[in-house]
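The values are calculated or read from the model by the stated rules, or taken from the named source; none is laboratory data. Computed from a predicted model, the values in this text were never measured in an experiment. Note: ideal-geometry Cβ built from the backbone for every residue, glycine included; neighbour counts use all protein chains shown. We work out accessible area using only protein heavy atoms, side chains counted, and drop any ligands, DNA or RNA first. Shrake-Rupley method; radii C 1.70, N 1.55, O 1.52, S 1.80 Å.
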Amino acid sequence: MKHLNKKIHCFNPGHETAVLSGKTAYTPPAIVRRMASELSLLPLWYGEEGDFVFTDEPVAAIRFLSSLPDIIRPKVIPLSENTIDQLRHQENPPEIATWGLAPNILQGFEKLRQRSHDLFSVPTWNDACTRLTGRQTAASCLYALQSLLPDSSLPLPPHFCEGQDEIRRFMAGCPPPYVLKMPYSCSGRGVFWLNNRHLDKRAICWINGVLKKQGVVSIEQALDKVCDFAMEFVSDGQGTVDFEGWSVFDTHPDGSFNGNWLGSQALLEKHLLSYVPSNQMNHIRESVTKVLSDTLSNDYKGFMGVDMMIYRQNGIFAIHPMVEINLRYTMGLVAMQLSRLVHHASQGRFIVACRPTGEGYASHLEMQKTHPLRLDEGKIRSGYLALCPVKPETQYRAFLIVTDGINSAVGY
C-alpha cells in the first residue's frame, strides 16, 4: 500500500448511499454517523508512518495511542479541524484519503481546504463512480468473465427488476432459494433472503422500500456457500489494476460482515487452495484483474475489494468470482495490515461489532481480563486488542483477538 504523498485518512462507512444520492449536502443516517464517529481511528491501522487520521476527538485519540504498547503503536498522527494548522510544517500538502469516495465527504473537505488556505489537497469527484459503485457493475463484470473463463461453470449474474412482476417471472424460471439485494449497499447489508417462490407481506414491504429508494432491486439464485473470501486490488486511475492480496472473512446468516481472518497471505491462500486447485484460482485472479482494468479504465483511482465465495455445486467446490465490488478501502485491506502485527506462530480474527450501549464496554473490559495481550518478538502472540477507544457509551467496536498456534485444518 505504499504511496508517495502523505495522506489524511477519513473513515466514512456507508458511502454507497451517499454516492446514490449524488448530493453534496447529503447527511448519512444517525446509525452510520455513529459508526463513523466511534470507529474514526480505524485508519490508524492501515495508514503509513507519517500519515494523518481525521477525527473529532484528537485529545482522546492521542490518549488512546499512548495506551498502546510502543512496539505495535501506529505512527499515524491524529488530526482535527481545530488542529489543521499543524499541516503547515509539511513539505508537500497531504492528500485526503476517504474510506469511500462520495460527493458529500469530498465537498466537506473542500470547504475545509479553502478555509485552511490549501494545506491539503482533495480528490475530484468523478460522476462515473456513481455507475461503478452500484451492483450492476459487478453483474456486468460477471458477464465479461464468462468469455474469459469458458471452462468454468460460473453462476448466472443477478437480474435487476423494476417491479414485483419481474421478480416473480425470475422466480418462475429459477428454483429457490433466492437473494434479493439493494443495488447500493455495503458489507452484506441491504440483503433479503427468500427460501421459496412466495412473496409474503414482509418480502413485499422490503421490495417496495428498495424500489422507492433506489428504483430497482436485484435477484439471484442463492448458492450453497462454503467460504467467503475476497481479492483486494488497487487501481492507479490510468487503466492499470494490481492485485494486493487475499482476505478471508465470515458473515452472519443474513449476509452481513462478521469478521476477517488474520494471518499470513500464505496461510490464507493455503486455506483457499484446500478447496480448489491453484491453477484455477490463478486463472480467476488474472481474469478478474483484466476485467477490472477494462471496466474502471481511467474512472477510479484507489483501493477496492472483490467479494467472492467458494460454494458446492453438484457435489464439487466451485468459485463465484464476482459477488460484489467494493469500490473503497475494505475491512479485508485493514485485515491485511493487521496481520503484520500477528506472530507467525499465531492466528486471529479482526472483528467489527455493534452492541447496545453499556454491553460493548462491559464486553471490552471482560475481554481485556480474560484475553490479556501477550507480545513475542515484537508481534502479538495472543490476546485481545481494541483498535479504537471504547467508552461506556460505545456501541461500535473494532478489535482483534489472537490465539497462540495455527490449525489450518479447521480454519479459525
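Please indicate, with yes or no, whether at least one residue in segment 64-80 is acidic (Asp, Glu) and under 17 Å from residue 10 (Cβ atoms).
Of all residues in segment 64-80, those acidic (Asp, Glu) come to 70.
Right, trim to under 17 Å from residue 10 (Cβ atoms) and you get none.
Taking every residue of segment 64-80 in turn, none turns out to be acidic (Asp, Glu) and under 17 Å from residue 10 (Cβ atoms).
Just one of (1) of a type outside the set (A, V, I, L, M, F, W, C); (2) crowded, with 17+ Cβ neighbours inside 10 Å; (3) not in a strand (DSSP E or B) trips up residue 260, so point out which.
(3) is the only condition that residue 260 fails.
Of the numbered conditions (1) buried (at least 19 other Cβ atoms within 10 Å of the Cβ); (2) within 24 Å of the chain's Cα centre (by Cα); (3) not in a loop (DSSP other than H, G, I, E, B), residue 179 fails exactly one; give the number of that condition.
(1)
Among the candidates 233, 229, single out the residue that is more than 19 Å from residue 255 (Cα to Cα) and buried (at least 17 other Cβ atoms within 10 Å of the Cβ).
Every option except 233 fails the conditions.
Which one is nearest to residue 15 (Cα to Cα) among residues in segment 133-171 that are of a type in the set (D, E, K, R) and in a helix (DSSP H, G or I)? Write out each step before concluding.
Initial filter on segment 133-171 (of a type in the set (D, E, K, R)): 135, 151, 162, 165-166, 168-169.
Those left that are additionally in a helix (DSSP H, G or I): 135, 165-166, 168-169.
Values: 135: 14, 165: 30, 166: 29, 168: 31, 169: 32 Å.
Here the answer is 135.
For residues that are open to solvent by 70 Å² or more (accessible area, probe 1.4 Å) and either in contact with an Asp or Glu (Cβ under 7 Å, 6 or more places away or on another chain) or among the basic types (Lys, Arg) (or both), scanning just segment 208-226, find the one that is nearest to residue 247 (Cα to Cα).
If we take residues in segment 208-226 being open to solvent by 70 Å² or more (accessible area, probe 1.4 Å) and either in contact with an Asp or Glu (Cβ under 7 Å, 6 or more places away or on another chain) or among the basic types (Lys, Arg) (or both), then 225 is nearest to residue 247 (Cα to Cα).
Looking at (1) in contact with a helix residue (DSSP H, G or I) (Cβ under 7 Å, 6 or more places away or on another chain); (2) part of a strand (DSSP E or B); (3) under 13 Å from residue 160 (Cβ atoms), which one does residue 184 not meet, given that it meets all the others?
Here residue 184 meets the rest and fails (2).
Residue check: is residue 199 in contact (Cβ under 8 Å) with a residue 60 or more places away in the chain, part of a loop (DSSP other than H, G, I, E, B) and not aromatic (Phe, Trp, Tyr)?
On the way: in contact (Cβ under 8 Å) with a residue 60 or more places away in the chain: no; part of a loop (DSSP other than H, G, I, E, B): yes; not aromatic (Phe, Trp, Tyr): yes.
Spelling it out, it is not the case that residue 199 is in contact (Cβ under 8 Å) with a residue 60 or more places away in the chain, part of a loop (DSSP other than H, G, I, E, B) and not aromatic (Phe, Trp, Tyr).
Could you check residue 84 against (1) open to solvent by 30 Å² or more (accessible area, probe 1.4 Å); (2) more than 27 Å from residue 325 (Cβ to Cβ) and say which number it fails?
(1)
Are any residues in segment 371-402 assigned to a strand (DSSP E or B), among the hydroxyl-bearing types (Ser, Thr, Tyr) and in contact (Cβ under 8 Å) with a residue 60 or more places away in the chain, and if so, which ones? Give the steps one after another, and end with the answer.
First, the residues of segment 371-402 that are assigned to a strand (DSSP E or B): 374-376, 379-386, 396-402.
When the remaining residues are screened for being among the hydroxyl-bearing types (Ser, Thr, Tyr), the result is 382, 384, 396.
The answer is 396, and nothing else.
What residue, among those in segment 90-131 that are within 19 Å of the chain's Cα centre (by Cα) and of a type in the set (Ser, Thr, Tyr), is most open to solvent (accessible area, probe 1.4 Å)?
130
Which of the residues that make up segment 352-383 are more than 19 Å from residue 70 (Cβ to Cβ) and among the basic types (Lys, Arg)?
Selection gives 355, 369.
With respect to the numbered conditions (1) over 18 Å from residue 94 (Cβ atoms); (2) at pLDDT 95 or above; (3) over 19 Å from the mean Cα position of the chain (by Cα), which one is the sole condition not fulfilled by residue 75?
Of everything listed in (1) over 18 Å from residue 94 (Cβ atoms); (2) at pLDDT 95 or above; (3) over 19 Å from the mean Cα position of the chain (by Cα), residue 75 misses just condition (1).
Which is surrounded by 13 or more Cβ atoms within 10 Å (Cβ to Cβ) and in contact (Cβ under 8 Å) with a residue 60 or more places away in the chain, of 185, 153?
On inspection, the qualifying residue turns out to be 185.
State whether the residues of segment 366-382 include one that is of a type in the set (A, V, I, L, M) and open to solvent by less than 30 Å² (accessible area, probe 1.4 Å).
Yes.
Tell me which of these residue 205 doesn't satisfy, since it passes every other one: (1) modelled with pLDDT of 95 or more; (2) surrounded by 13 or more Cβ atoms within 10 Å (Cβ to Cβ); (3) outside any strand (DSSP E or B).
It is condition (2) that residue 205 fails.
Can you go through 159, 198 and tell me which one is open to solvent by 70 Å² or more (accessible area, probe 1.4 Å) and out of contact with any strand residue (DSSP E or B) (no Cβ under 8 Å at 6 or more places or on another chain)?
Values: 159 fails: out of contact with any strand residue (DSSP E or B) (no Cβ under 8 Å at 6 or more places or on another chain).
Only one candidate qualifies: 198.
Find the residue count for segment 6-57, including only residues that are part of a loop (DSSP other than H, G, I, E, B) and surrounded by 15 or more Cβ atoms within 10 Å (Cβ to Cβ).
Residues meeting the conditions: 17.
Is it the case, given these coordinates, that residue 324 is farther than 27 Å from residue 182 by Cβ and open to solvent by 10 Å² or more (accessible area, probe 1.4 Å)?
No, not satisfied.
Residues checked against (1) of a type in the set (S, T, N, Q); (2) under 20 Å from residue 13 (Cα atoms); (3) open to solvent by less than 10 Å² (accessible area, probe 1.4 Å); (4) in a loop (DSSP other than H, G, I, E, B):
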{"residue": "276", "(1), (2), (3), (4)": "no, no, yes, yes"}
{"residue": "279", "(1), (2), (3), (4)": "yes, no, no, no"}
{"residue": "298", "(1), (2), (3), (4)": "yes, no, no, yes"}
{"residue": "309", "(1), (2), (3), (4)": "no, no, no, no"}
{"residue": "317", "(1), (2), (3), (4)": "no, no, no, no"}
{"residue": "339", "(1), (2), (3), (4)": "yes, no, no, no"}
{"residue": "348", "(1), (2), (3), (4)": "no, no, yes, no"}
{"residue": "353", "(1), (2), (3), (4)": "no, yes, no, no"}
{"residue": "363", "(1), (2), (3), (4)": "yes, no, no, no"}
